[in-house]
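Novice: Starting off with a structure, shown below.
Read-outs throughout are calculated quantities, based only on the coordinates presented, and are distinct from any laboratory measurement. Computed from a predicted model, the values in this text were never measured in an experiment. Here the Cβ positions follow ideal geometry from the backbone for every residue, glycine too, while neighbour counts run over all protein chains shown.
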Amino acid sequence: MGTLGLLAALASNPAEAGEGGKTLVGTEKQFGLGVVLGSHSLTGKYWLNKKSGISFYVNPGLLASRGHVAYESNFWEIGNWNFAKLDMYWNVGAVGGAVYSTGALVGVGGGVGATMRFKSVPAEAFIHNHLYTIPTYYKYNFGYVSWFGGAGGRWYF
């Protein structure tokens, strides 16, 4: 009965960051760089604490480039296992860009995403969604609304 009780306790209390030499991104390694596949962007993130951080996304292009800076905060822990921690987060931030034909554009937006922070390696995989508006875009009477995001990963240093 002792072994069964121990297994039940281990299953109900997943490993936390720092146990057994495992590192959770955002605790010991706070700055990461990576790529986003959906928007073909470069990304970086600096964790301010265990639950929130500042991220940036840059999509360089020949005729148009855009990017955004967002404050991200975890609000729902989906899972916490021995190998990783999966959280859902909300984000809010500013969007900016330069288009060859129209010049500089600035907007605001927000959204939700999910991040899986691995414990054995200093990396994370994520899905990022950010709906934004550029209210002053002159080609449209009521502004411009679009989406920025995709799936990606970051390596932390």
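Novice: With r defined as the distance between the Cβ atoms of Val35 and Trp147 and R0 fixed at 22 Å, what FRET efficiency is calculated, to the nearest 0.05?
Specialist: Given R0 = 22 Å and the Cβ-Cβ separation, E is 0.80.
Novice: Let me ask you something else. Please work out how much length the chain gains when fully extended from Phe83 to Glu28, using 0.36 nm per residue of separation minus the C-alpha to C-alpha distance, in nm with one decimal.
Specialist: Taking Phe83 through Glu28 to full extension adds about 18.2 nm, to one decimal.
Novice: Tell me which residues come under 5 Å, amide H to amide H, from Leu48 once H is placed; ignore anything under 5 positions away on its chain.
Specialist: Gly53, Ile54
Novice: So, one more: Which cross-chain or sequence-distant (5 or more) residues have an amide H under 5 Å from the amide H of Ala94, H modelled 1.01 Å from N in plane?
Specialist: Excluding prolines and chain starts, which carry no amide H, the hits are Val69.
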